[in-house]
Amino acid sequence: MSSRSTGETGLVQLLDPEGARVTTPENESYRERVAHVKGDDLRGMYRDMLLTRRFDDEATALQRQGELALFAQSRGQEAAQVGSAHAMAPQDYVFPSYREHGVLHVRGVDPVDRLRLFRGQDHGGWDPTEHNTHLYTLVIGSHALHATGYAMGVQRDGLVGTGDPARDTAVVVYFGDGATAQGDVNEALVFAAVNNTPQVFLVQNNQWAISEPTTRQARVPLAERGLGFGIPGVRVDGNDVLACYAVTLEALERAHSGGGPTLVEAFTYRMGAHTTSDDPTRYREREEEEYWRRRDPIDRLGALLRAEGEWDEVWAAGVEAEAEALGERLRTEVRALGAPPTAAMFEHVYATPHATVADERAWLAEYEQADEPADHETATEATR
Amino acid sequence: MTAQLLAPTTTPTGATTLTFAKAITLGLRAALAADDKSLIMGEDVGRLGGVFRVTDGLQAEFGEDRVVDTPLAESGIVGTAIGLALRGYRPVCEIQFDGFVFPAFDQITTQLSKMHYRSRGRLQVPVVIRIPFGGGIGAVEHHSESPEVLFAHTAGLRVVSPSTPQDAYDMIRAAVASPDPVIFLEPKGRYWSKGEVDLSAPPAPGILDTARVARPGTDVTLVAYGPTVATALKAADALAGEGTSAEVVDLRAVSPLDIPAVVASVRRTGRCVVVHEAPTVHGVGAEVAARVTEEAFHYLEAPVIRVGGFHAPYPVAKLEHDYLPSVDRVLDAVDRSLAF
Ligand SMILES: Cc1ncc(C[n+]2csc(CCOP(=O)(O)OP(=O)(O)O)c2C)c(N)n1
């Protein structure tokens, strides 16, 4: 079996695993792109990654306590998410899958809202138009097409290549390595290519699709998949927040200016389980996890900050306190999220009235009002 | 050809005789003219005008951005239409034939139908999916399916089928204007039949929800939609010759079903026969029968009888006349009803 798809070859890297800057002739253009990213910006990225991890830990704990039905951690993928999200403009539109907590954090989606779906309290949880950030999509790859259609709409709206950074708009869609095998992702690449959509396909290759390694989905590095569609592909070290930022920035610039779609493969690692119902010890080795633990994206940026004298203890304590507060807020507010009223299941099924929904809603309301089926007729109806 | 097709211009008056297909074309044309956010997308819909020529002339008039030839990818057509709708557009997708909607089935049932619901009404996806459906044209495999129940069973979708050129014209405009996703089933066997169409008819939003009495009668109610309305009307003609007065109710919509209209008719006639091309098993007829039994039990002189396709794959063209509900099979069902 080809090992090309799993190897760390051809990656754009700006920080090595020890947090030292990488200076090669190949990464020069990317270094130029991040030349302006300094102290506060770097600390901002560090903070976003740390808060994302705290969100993961707290949500996992809540699931263990029976407060959430399921949870999918982003642990290990914070650099790919936070780095790419930092490259976006507010008007850019994001289509996440279900693991992009770091992206949603940067986009400003409230952390409690992000857990409504996992709590079984809502099928969505936030207003997508408020943050230009769509809801989670659970059917693998289907949102790649929504993103492409949305990007076609942006194009029609004339918001590409205006030269005005406040108007030029792009669409970023996130999905995993497993998703690249889906028909919808491939159809999305076809539609994006032939329409030259302002779009970034961001594949987080975390090397596993539940228990299946990437080699079960592809025989070539995923970034190369773009080429057959006529879409440029870039492989980036997904645990290097600076490189993820730089590569996404380049792809977004291309999209904004009318240069079309880009496929970015962020080569990273899912450090936790697939979800809280998964047992990764059944399919992967402890040594592999250890290897990736030593390449942790948060530690890597922390090391850079320290090496360059940008680490500030007061600031670090402030971020810690913020993470504590986030944890506390999740613990209390998520627990307080009760069931919506029964009638909520009938709301918004249609945008306009629908007789069947109205009938069944009225029937259930009546049934719930009657304490117990009093006569034969109600008892028969109750079987409906 | 094209000029002739589009002959009635933007301010038509009075009724014109049109084929069913041309009535849809003009309905689409009116929709494109009414809202510049609307667009048509599908395979071969542009220069060819679609394999049934329903979009004939529209690309020439509205341009390649409004009448879009897409890649040959049904999931892609519907999935990108969802994205366009999220961005404020009103896409009308053409699926070339009923049997080819299934690659898009996932997008329709798991995504399109639920976007409004799971966003708690914050997002609307006003996508229309036009599907030439049904049999009777001697076609090959996968070109004569009746998948309406698969969509009607999915909450969030409206599923409709016109039976006359006038309704086709009115209903396609209502479908494009609807904020809800609409599965618009075009009875392909009727594309070439003609009828009077009042092109100046005002928009009729309620038309996607309301059944129509296609022919009044007093002895038995024949319930049909789409292609079988014509069959039911022929059966009613034959019955009139035998002294039986049949009322024909054209459902127009399979979701929502206008049950009050059916029940009102059955209360008058006491008998009900449901006619559709799709298999009777788990079908629209089963739903109508159950609802009529619940709501008009004491008015019924006979059980509700279904006439439809069988629980077998759509047969080869040489056998479809035995599969499709014929006038004779409808008459036989009415006889059984009257004999109770
Ligand atoms: C169409 C579909 N098939 C199967 C599943 C069940 N499932 C959920 S996540 C997943 C693996 C996805 O792997 P990948 O795309 O690599 O993303 P990751 O979870 O690793 O981020 C599977 C098989 C699904 N949600 N949707």
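When the criteria are applied in full, residue A:65 fails the requirement of being more than 14 Å from every other protein chain (Cβ to nearest Cβ) and either touching a Cys at 6+ places or on another chain (Cβ under 9 Å) or within 16 Å of the ligand (Cβ to nearest atom) (or both).
All of (1) away from chain B (no Cβ under 12 Å); (2) surrounded by fewer than 21 Cβ atoms within 10 Å (Cβ to Cβ); (3) more than 24 Å from residue A:262 (Cβ to Cβ) hold for residue A:119 with one exception: (2). Here residue B:228 qualifies as more than 14 Å from chain A (Cβ to nearest Cβ), out of contact with any helix residue (DSSP H, G or I) (no Cβ under 6 Å at 6 or more places or on another chain) and surrounded by 24 or more Cβ atoms within 10 Å (Cβ to Cβ).
So that you can scan it fast, the table gives a plain yes or no per residue for (1) surrounded by 24 or more Cβ atoms within 10 Å (Cβ to Cβ); (2) out of contact with any Phe, Trp or Tyr (no Cβ under 8 Å at 6 or more places or on another chain); (3) farther than 18 Å from residue B:224 by Cα:
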{"position": "B:110", "(1), (2), (3)": "no, yes, yes"}
{"position": "B:124", "(1), (2), (3)": "no, yes, yes"}
{"position": "B:137", "(1), (2), (3)": "no, yes, yes"}
{"position": "B:149", "(1), (2), (3)": "no, yes, no"}
{"position": "B:152", "(1), (2), (3)": "no, yes, no"}
{"position": "B:168", "(1), (2), (3)": "yes, no, no"}
{"position": "B:180", "(1), (2), (3)": "no, no, yes"}
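Scanning region B:257-276 for residues that are closer than 22 Å to residue B:207 by Cα and either surrounded by 19 or more Cβ atoms within 10 Å (Cβ to Cβ) or in contact (Cβ under 8 Å) with a residue 24 or more places away in the chain (or both) yields a count of 11. Among the residues of region B:310-340, those identified as in contact (Cβ under 8 Å) with a residue 40 or more places away in the chain, closer than 12 Å to residue B:136 by Cα and in contact with a helix residue (DSSP H, G or I) (Cβ under 9 Å, 6 or more places away or on another chain) are B:314, B:324, B:325, B:326.
In this structure, is residue A:111 more than 9 Å from chain B (Cβ to nearest Cβ), surrounded by 16 or more Cβ atoms within 10 Å (Cβ to Cβ), modelled with pLDDT of 95 or more and away from the ligand (no atom under 16 Å from the Cβ)? For residue A:111, the condition - more than 9 Å from chain B (Cβ to nearest Cβ), surrounded by 16 or more Cβ atoms within 10 Å (Cβ to Cβ), modelled with pLDDT of 95 or more and away from the ligand (no atom under 16 Å from the Cβ) - is met. Just give me the residues in region A:124-171 being touching a Pro at 6+ places or on another chain (Cβ under 8 Å) and of a type in the set (Phe, Trp, Tyr), in sequence order. Matches in region A:124-171: A:136 only. Of the residues making up region B:35-68, those that are more than 10 Å from chain A (Cβ to nearest Cβ), in contact with a helix residue (DSSP H, G or I) (Cβ under 8 Å, 6 or more places away or on another chain) and of a type in the set (Asp, Glu) are B:35, B:43, B:56, B:61.
Among the residues of region B:202-215, is any assigned to a loop (DSSP other than H, G, I, E, B), on the phi < 0 side of the Ramachandran plot and touching a residue at least 60 places away in the same chain (Cβ under 8 Å)? No.
Scan region A:122-144 for residues that are crowded, with 18+ Cβ neighbours inside 10 Å and over 16 Å from the mean Cα position of the chain (by Cα) and the total you get is 1.
In summary, helices (runs of 4 or more DSSP H) completely within region A:182-293 and bearing 3 or more residues that are surrounded by 17 or more Cβ atoms within 10 Å (Cβ to Cβ) and either more than 15 Å from the ligand (Cβ to nearest atom) or under 20 Å from the mean Cα position of the chain (by Cα) (or both) occur at A:183-195, A:222-229, A:241-256. Restricted to region A:171-181, and to residues there that are aliphatic (A, V, I, L, M) and part of a strand (DSSP E or B), the residue that is nearest to the ligand (Cβ to nearest atom) is A:173.
The values are calculated or read from the model by the stated rules, or taken from the named source; none is laboratory data. Worth saying up front: this structure is predicted, and the values here are computed from it rather than measured. Heads up, the Cβs are rebuilt from the backbone with ideal geometry, glycines too, and the neighbour counts pull from every protein chain shown.
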